[in-house]
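J.: I'd like to ask you about the structure that follows.
Since every read-out is calculated from the coordinates, none of them should be taken as a lab result. None of these values were measured; they are calculated from a predicted model. Heads up, the Cβs are rebuilt from the backbone with ideal geometry, glycines too, and the neighbour counts pull from every protein chain shown.
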Amino acid sequence: MTMNNGKYSNLEQLIMGRFHEDYSLYGDSIPDLVLSYKRGMNQTEKAAALKEIEQLKEDNRDNLDAAFEDAFGCHVDPVLWGHTAASFLDELKRLLSE
């Protein structure tokens, strides 16, 4: 799966914008990173990112870990943050919803 088709562009921007090799510039925890990114998002972008999380999970319900790795593996490894792909996406969703 490739993300360059724009189907998950808001989620891609969040992950690529915060969960990269220089993530510590924005914080040292998932909540810190999401909050720092969320500050620059408008309501439309937040709603779109939340919808994209659910769509990604639905589109890849049989192989979410592999699809997540394919799409975002060079930016973030959920296991290193104590998560599976599903629980990582659930955490992003929770934090974006707050």
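J.: Return the residues of the range 12-63 that are hydrophobic (A, V, I, L, M, F, W, C) and without any contact (Cβ under 8 Å) to a residue 60 or more places away in the chain; say none if nothing qualifies.
T.: Of the range 12-63, the ones hydrophobic (A, V, I, L, M, F, W, C) are 14-16, 19, 25, 30, 33-35, 41, 47-50, 53, 56.
Met16, Phe19, Leu25, Leu33, Met41, Ala47, Ala48, Ala49, Leu50, Ile53, Leu56 - these are the residues of the range 12-63 that are hydrophobic (A, V, I, L, M, F, W, C) and without any contact (Cβ under 8 Å) to a residue 60 or more places away in the chain.
J.: Do you know which residues across the range 74-87 are assigned to a loop (DSSP other than H, G, I, E, B) and loosely packed, with under 13 Cβ neighbours inside 10 Å?
T.: Hits for the range 74-87 are Cys74, Gly82.
J.: Taking the range 14-59 on its own, how many of its residues are of a type outside the set (Lys, Arg), under 19 Å from Gly73 (Cα atoms) and crowded, with 17+ Cβ neighbours inside 10 Å?
T.: Qualifying residue count, the range 14-59: 11.
J.: Still on this structure, please answer the following. Is there a residue being under 10 Å from the mean Cα position of the chain (by Cα) and within 21 Å of Arg39 (Cβ to Cβ) anywhere in the range 53-72?
T.: Within the range 53-72, one or more residues are under 10 Å from the mean Cα position of the chain (by Cα) and within 21 Å of Arg39 (Cβ to Cβ).
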